[in-house]
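**Student:** Structure in structure tokens, see below.
Quick note: the coordinates plus some simple rules give every number you see, no bench work behind them. For clarity, every value in this text was computed on a predicted model and none was experimentally measured. Cβ placement follows ideal geometry from the backbone for every residue including glycine, while neighbour counts extend to all protein chains displayed.
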Amino acid sequence: MKSRTKMWGNSLALRIPKPITVQMGVTDDSPVVLVLRGRELTIVPVERTRQRLADLLPDVAKHNLHGRITVGTPDRGET
């Protein structure tokens, strides 16, 4: 399948056709790794690992726990 590059700011962007994204298992904002071998570019999807709260809690201790933070009052959309 052929595609074309297009300018995006100072970089080139490549549109990946939907059938290929479906086969790769990537969607909008999926992390990927670009591997360049000679003149050949390979795009490899990065598997997202799902973190569980129970796995993160052991790293919380008194020395790295912050106090309450006040950022203002909630906006209720009233005028």
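**Student:** Would you please state the base-10 log of I(q)/I(0) at q = 0.10, 0.28 1/Å for the chain, with intensities from the Debye formula using one equal scatterer on every alpha carbon?
**Tutor:** Evaluating at q = 0.10, 0.28 Å⁻¹ gives log10 I(q)/I(0) of -0.58, -1.48.
**Student:** Rounding to the nearest 20 debye, state how big the charge dipole of region 7-79 is about its Cα centre with +1 on each Lys and Arg Cβ and -1 on each Asp and Glu Cβ.
**Tutor:** Values: 10 positive and 8 negative charges, 32 e Å.
Rounded to the nearest 20 debye, it is 160 debye.
**Student:** Counting helices only, and only those DSSP H runs with n ≥ 4, report the 222 nm mean residue ellipticity of the chain as the sum of -39,500 (n - 2.57) divided by its residues, in deg cm²/dmol to the nearest 500. Provide the component values of the computation, followed by the final result.
**Tutor:** Numbers: 2 runs with 11 residues, N = 79.
When only DSSP H runs of four or more count, the value is -3000 deg cm²/dmol.
**Student:** I need the trypsin sites (Lys or Arg not before Pro) found in region 32-79, filtered to DSSP loop residues with at most 10 other beta carbons within 10 Å of theirs.
**Tutor:** Numbers: sites: 37, 39, 48, 50, 52, 62, 68, 76; in loops: 39, 48, 50, 52, 68, 76.
Passing both the DSSP loop test and the Cβ count: 39, 48, 50, 52, 68, 76.
**Student:** Related question: What are the ³J(HN,Hα) couplings of region 14-23, residue after residue, when phi is run through the Karplus curve with 6.51, -1.76, 1.60 and θ = phi - 60°? Round to Hz, x for glycine and proline.
**Tutor:** Whole-Hz 3J(HN,Hα) from phi for region 14-23: 10, 8, 9, x, 3, x, 6, 4, 5, 5.
**Student:** Continuing with the same structure: Give me the net charge of residue 32's neighbourhood, meaning all other residues with Cβ under 15 Å from the Cβ of residue 32; Lys, Arg count +1, Asp, Glu -1. Before the final figure, lay out the partial values.
**Tutor:** Numbers: positive: 15, 48; negative: 28, 29, 47.
Overall, the nearby charge balance is -1.
**Student:** Straight-line reach from residue 18: which lysines have a Cα under 30 Å away, not including same-chain ones fewer than 8 places off?
**Tutor:** 2, 6
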